[in-house]
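Visitor: I'd like to ask some things about the structure below.
The values are calculated or read from the model by the stated rules, or taken from the named source; none is laboratory data. Fair warning: this is a prediction, and the values are worked out from it, not measured in the lab. Because the Cβ atoms are built from the backbone with ideal geometry, glycine has one as well, and the counts that use them run over all protein chains shown.
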Amino acid sequence: MEIRLYNTLTRTKEVFQPLETGNVRMYVCGITAYDRCHIGHARSAIVFDAMVRYLKAIGLNVTFIRNFTDIDDKIIARAKQEGIDSKALAEREIRHYYEDMDRLGVLHATFEPKATEHIQEIIDMIRLLIKKGHAYEAEGDVYFAVRTFPDYGKLSNRKLDELKAGARIEPGEKKKDPLDFALWKAAKPEEPAWDSPWGKGRPGWHIECSAMSRKYLGDTFDIHGGGLDLIFPHHENEIAQSEAATGKPFARYWLHNGFVTINNEKMSKSLGNFITIQEILTRHHPETLRLFLLSKHYRSPLDYSEEAISNARTALWRIYSAIAEANHLTAQCKKERPISESAKVNMAILQDIPARFHQHMSDDFNTAGALGVIFEGVKALNRLMQEANQTPSQALLSAITKGAQSIQDLSQVLGLLQQEPLRFLHDYNLEYLARQGMSEAHLQALIEKRAAARQQKDWGTADAIRSELEAKGILLKDTPQGTTWTVKEKEL
């Protein structure tokens with residue numbers, strides 16, 4: 001299957017051809033471990049997780065690296081503010097990261113290296129850059145000499161002269177040129193430090209990714225990913241130091257996900273709209289957030305609002321509800337009946353959804369289009385089930401079974417529908433009850449009170465209970481096996 005990717009490096013869509021047939025080597029920049037992850041981190045993690053899942057689903061082997069920056073100015077400053085060791089702070093936030101990502105269904109990477117565990121690899125690369133004339137030592141600091149790398153700016157599409165106009169040397173920096181950036185920082189009092197040929201110190205931010213990607217993926221690998229905010233200077237600097245050190249191309253395809261805004265405003269603690277994953281998951285199911293974050297193409301901006309997340313919640317419920325009903329229907333009637341023309345149309349839609357799903361996903365991982373296909377399949381499935389409830393037949397039930405399985409399988413490629421449908425719907429209904437200030441026990445007591453009233457032919461009481469619950473968005477359904485309840489779709 002041909003996959004086309006939009007390459008930030010060339011600003012065009014290109015046919016994806018891995019260096020090794022059947023094997024994909026991929027690196028995505030991870031978090032700087034100093035605070036709880038927010039919705040922007042969730043988007044990056046989930047869109048690249050969906051990419052990895054898809055590549056594996058079509059039969060490719062994927063070696064996926066996602067790093068942790070566990071030493072950095074922000075980490076040191078936050079640790080000092082909290083009065084704890086920087087290592088303890090980083091380890092705590094990495095634990096929080098795993099808690100959040102495990103709940104969101106983000107698969108662990110093949111390797112998840114930490115900067116502080118790769119100091120020797122970082123030092124080795126810096127020494128190589130000095131040896132080749134691309135870096136220099138200055139009183140314990142080491143800087144990359146940007147002007148020794150003629151291609152600097154090729155990823156961000158910036159020219160050296162333009163960069164020079166806005167560059168300056170900050171107080172305390174000893175670099176020769178304002179454009180140069182730190183590879184190694186000399187130790188400061190009471191800061192973490194490691195031994196090096198230039199004295200005690202710690203790595204700069206950019207060098208860690210070059211050193212770690214080289215160790216796990218080699219000098220050249222297939223895909224490098226991250227957020228748009230990393231294009232410059234982080235990814236630009238990675239290219240410069242890696243290609244200057246090895247003399248070989250670094251990453252062949254560069255993929256960058258778009259920003260998340262909150263109610264059409266940039267996320268900012270000062271605006272009070274900075275939302276952590278932990279906070280969102282107190283109000284919304286993890287798969288709701290996952291579906292929302294995949295509902296637009298990964299390169300597009302995405303605006304978070306309660307209305308948008310509510311729409312995602314309803315959409316997720318529709319998928320689960322359709323699969324649950326299909327699983328129930330397939331255990332019933334085996335009669336042969338004529339198939340209506342409308343049923344034939346819906347059967348064709350269901351039969352076609354795998355091919356259309358792959359068509360979107362192979363076009364630069366277009367999850368929005370892929371989800372659209374899934375929802376079309378859900379509509380077709382519901383129409384078939386409506387007909388099967390009236391005139392069940394083997395052909396209809398077979399189409400429903402296969403269609404439901406396709407929808408479930410394709411959804412799982414995106415990391416959705418990970419729960420058993422009835423369990424999911426039950427939990428969702430309980431969440432709704434909690435939002436209404438009602439327990440399941442209280443609801444069941446009302447249902448039993450209504451059943452007793454009906455048995456006594458007290459229709460006024462029975463109808464009053466039904467109306468009271470319906471006003472709260474709860475629908476009752478009387479069956480030969482008893483009364484069941486669900487939540488109105490619009491209330492979900």
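Visitor: Looking at (1) part of a helix (DSSP H, G or I); (2) closer than 16 Å to residue 399 by Cα, which is the only condition residue 339 fails?
Guide: (1)
Residues are listed down the side, and each one gets a yes or a no for (1) within 30 Å of residue 411 (Cβ to Cβ); (2) assigned by TED's automatic domain parsing to the domain that holds residue 327; (3) modelled with pLDDT under 90; (4) in contact with a strand residue (DSSP E or B) (Cβ under 7 Å, 6 or more places away or on another chain):
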residue: 446; (1), (2), (3), (4): no, no, no, no
residue: 451; (1), (2), (3), (4): no, no, no, yes
residue: 464; (1), (2), (3), (4): no, no, no, no
residue: 468; (1), (2), (3), (4): no, no, no, no
residue: 481; (1), (2), (3), (4): yes, no, yes, no
residue: 484; (1), (2), (3), (4): yes, no, yes, yes
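Visitor: Take residue 348 and tell me if it is surrounded by fewer than 16 Cβ atoms within 10 Å (Cβ to Cβ), under 29 Å from the mean Cα position of the chain (by Cα) and in a helix (DSSP H, G or I).
Guide: Against the criterion (surrounded by fewer than 16 Cβ atoms within 10 Å (Cβ to Cβ), under 29 Å from the mean Cα position of the chain (by Cα) and in a helix (DSSP H, G or I)), residue 348 does not qualify.
Visitor: Only one of 176, 132, 164 is modelled with pLDDT of 95 or more, of a type in the set (Lys, Arg) and either surrounded by fewer than 18 Cβ atoms within 10 Å (Cβ to Cβ) or under 23 Å from residue 246 (Cβ atoms) (or both); which?
Guide: The conditions single out 132.
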